[in-house]
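Inspection log for the structure reproduced underneath, given as structure tokens.
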Amino acid sequence: MAGGAATGGSSTSDTYAEARTWLLLPAWVTLGILVLAPVTMMLIYSFLTKEFRGGVIWEFSLSAYDQFFFDRGLFGDDPPRIEWTYIQIFWRSIWQAGAATLLSLVIGFPTAYFIATRAPAQRTFWLFLVTIPYWVNLLIRTVSMKFLLRDQGPLNEALLGIGIISEPLSIVNTNVAVQLGLFYSYLPFMVLPIYAAVERYNFTLSEAAADLYASRWTVLRRILLPSVKPGIIAGCILVFVPSMGSFLAPDLLGGAKNFMIGSLIEEQFKGNAGNWPFGAAASMILLTLVLIILLIFARQQSKAES
């Protein structure tokens, strides 16, 4: 009987494992087609040779990575020197994305806290106001931001009418415009995770700290922020990662002087003059950099939890 029970338990376990496999199969197929296959294609293309009129020649080459990191002159026969142009574009992308993430956090945290502390019947309304602009296509919203910030746009007209400024502010084609565009594009990605974390927060902890004469700043720094830290980290990742690869905001709001890595990659695959292997190599370098940043975040989170 013991053997029969063991056999029955093993059969149940096998059935459960088989059912779990079949239930997970659609997710694995979707990830394979939409994530793994494109990344694998980009990885392969990054090691191929550029075709003169666009496309690739199926010959193994490291020239795309060499072009990214080294300058060998016009004809390729000079001693290699570090190519700072693309490194500077990467650095510009990092700090632009970082500035947009910081701005989103400064605005998004109070917004999420405000929504989470409203009555349950009101929260849906406030979340609706946060998300409704994002029902419109990103391109349309970015063009609208450019119209808003231009010299004769509503923002300058309002500031001139109030008397705060005496002449229009030239915001378009500046770093400020790019940061505002990234901030506007990805703000809900910061608000929603923090809102979910604050909604689960036990506010009796704050009340207990206040009863023990803790100041509001102490309650915020020592109790609230550590409790909602996972939501803050998730929001920062969700804003920083897409901001790094964004190309609409830099192209439409930043101009040529504010070129970012997303614009560089997009340019390589556009038209017959593009360099597909170089664009693929830049994509893989960007992906590697993002993965390193995510691993650092994950390691810091695991240390904090332990």
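Miscellaneous remarks
- Candidates Thr111, Thr101, filtered to the one that is within 27 Å of Cys236 (Cβ to Cβ), more than 18 Å from the chain's Cα centre (by Cα) and open to solvent by less than 70 Å² (accessible area, probe 1.4 Å): Thr111
- Helices (runs of 4 or more DSSP H) within the stretch 191-306 that include 3 or more residues at pLDDT below 85: 276-305
- Scan of the stretch 255-270 for residues that are open to solvent by less than 20 Å² (accessible area, probe 1.4 Å) and β-branched (Val, Ile, Thr), ordered by number: Ile261
- Residue list for the stretch 163-183, restricted to those being buried (at least 19 other Cβ atoms within 10 Å of the Cβ), of a type in the set (A, V, I, L, M, F, W, C) and not in a loop (DSSP other than H, G, I, E, B): Ala177, Val178, Leu180, Leu182, Phe183
- Condition check for Leu238: of a type in the set (A, V, I, L, M) and within 30 Å of Leu205 (Cα to Cα): yes
- When the stretch 7-56 is filtered for residues that are outside any helix (DSSP H, G or I) and of a type in the set (D, E, K, R), the ones remaining, listed by number, are Lys50, Glu51, Arg53.
- All positions within the stretch 128-158 that are under 30 Å from Ala116 (Cα atoms) and either in contact with a His (Cβ under 6 Å, 6 or more places away or on another chain) or assigned to a loop (DSSP other than H, G, I, E, B) (or both): Val136, Asn137
The values are calculated or read from the model by the stated rules, or taken from the named source; none is laboratory data. Because the structure is a prediction, the values reported are computed rather than measured. We place every Cβ from the backbone using ideal geometry, glycine too, and count neighbours over all the protein chains shown. SASA here: full protein model, heavy atoms, side chains in, ligands and nucleic acids out. Shrake-Rupley method; radii C 1.70, N 1.55, O 1.52, S 1.80 Å.
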